[in-house]
Amino acid sequence: MNDNEIAEIIDLQVRAKIADLSEWKQVRWEGGRLYFETTKIVHELKDYSIENQILYLEKLLKSEFIIQDNLPSEAPDITLNFKNWLVKTISQLKIKSIQNSKELNHLNSTEIQMDGLGFDQIIVETLSTRIIEINKGIRAETPLSIIFLSGSTLEGILLGMAKKYPKLFNETKSSPKDENGKVKKLSQWTLNNLINSSFEIGLIKEDLKKFSHVLRDFRNFIHPFEQINSGLNPTMDTAMLCWQVLQMAITQIKENRSILVEKACA
């Protein structure tokens, strides 16, 4: 069974789950309906791969529905509580996915060189300064600063590549469009756009694309309410995983940059 077939099956399952959640029901369960429904989902997904659990839960998170508790005299809306649980669970699964990755097991260095990316020296020096700051954060054990700097450095590198090869990035299906269907200026691209377009043109591989989106998710904790909604307080273990993703990104981009050179000259 290929990925598209699995995605279609999960789509059907999510639709059925939305219909089930949207139906008011009396649940005699300690902890109320929220505990009942979340426990049931965990049980239903226990035999799924981590990637398919994430796919299922992300589709559910993006869906529109209202779920109500079953207090005897009223039916309070607990949709936000349920979606906050989804956000937290997805984040935990993404951390677990990275921890299980063999590709990252060898990346435990605290040093990495920015040369070889093809950038002007001033850009190399600026990015190198961020790596120095990340190392300071590792020594001081400041996980949020490591995560923010790793995410912003990845964004800076990908944006730098996009500015060197704008035609290749603009022609990708993932390039963001305005209301008139015109590709937005590179300064308006999000990290999400840059990651997906970089994958399309062969600058990064499928594994790194997945890990980079996880780093992007944690980088969004720079907004306090994103962190509050997730219910997570990143530890040094999480921060070091994000640092490993950045190291992997720099290594892959150096290795694959020739692909962009060849395509630009074709």
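Taken about its Cα centre, the stretch 1-102 carries a charge dipole of about 380 debye when Lys and Arg each add +1 at the Cβ and Asp and Glu each add -1 at the Cβ. Among rounded, prolate and oblate, which fits the chain when a ≥ b ≥ c are the square roots of the eigenvalues of its C-alpha gyration tensor, a/c under 1.5 means rounded, and a/b larger than b/c means prolate? Because a/c hits 1.5 or more and a/b exceeds b/c, the chain counts as prolate. For the chain, the relative contact order is 19 percent, taking Cα pairs closer than 8 Å that sit 6 or more residues apart in sequence and dividing their mean separation by the residue count. Listed by chain and number, the aspartates and glutamates whose C-alpha is less than 20 Å from the C-alpha of residue 177, apart from same-chain residues fewer than 8 away, are 155, 200. Cross-link partners for residue 25 among the aspartates and glutamates, with Cα-Cα distance under 15 Å and sequence neighbours closer than 8 places in the same chain left out: 37, 69, 74, 77.
Put simply, when 181-188, 140-147 are sorted by average Cβ atoms within 10 angstrom per residue, most first, you get 140-147, 181-188.
Bear in mind these aren't lab numbers, they're just calculated from the coordinates by the rules spelled out. Just so it is clear, the model here is predicted, and its values are computed rather than measured. For neighbour counting, all protein chains shown are included, and Cβ atoms are generated from backbone atoms with ideal geometry for every residue, glycine included.
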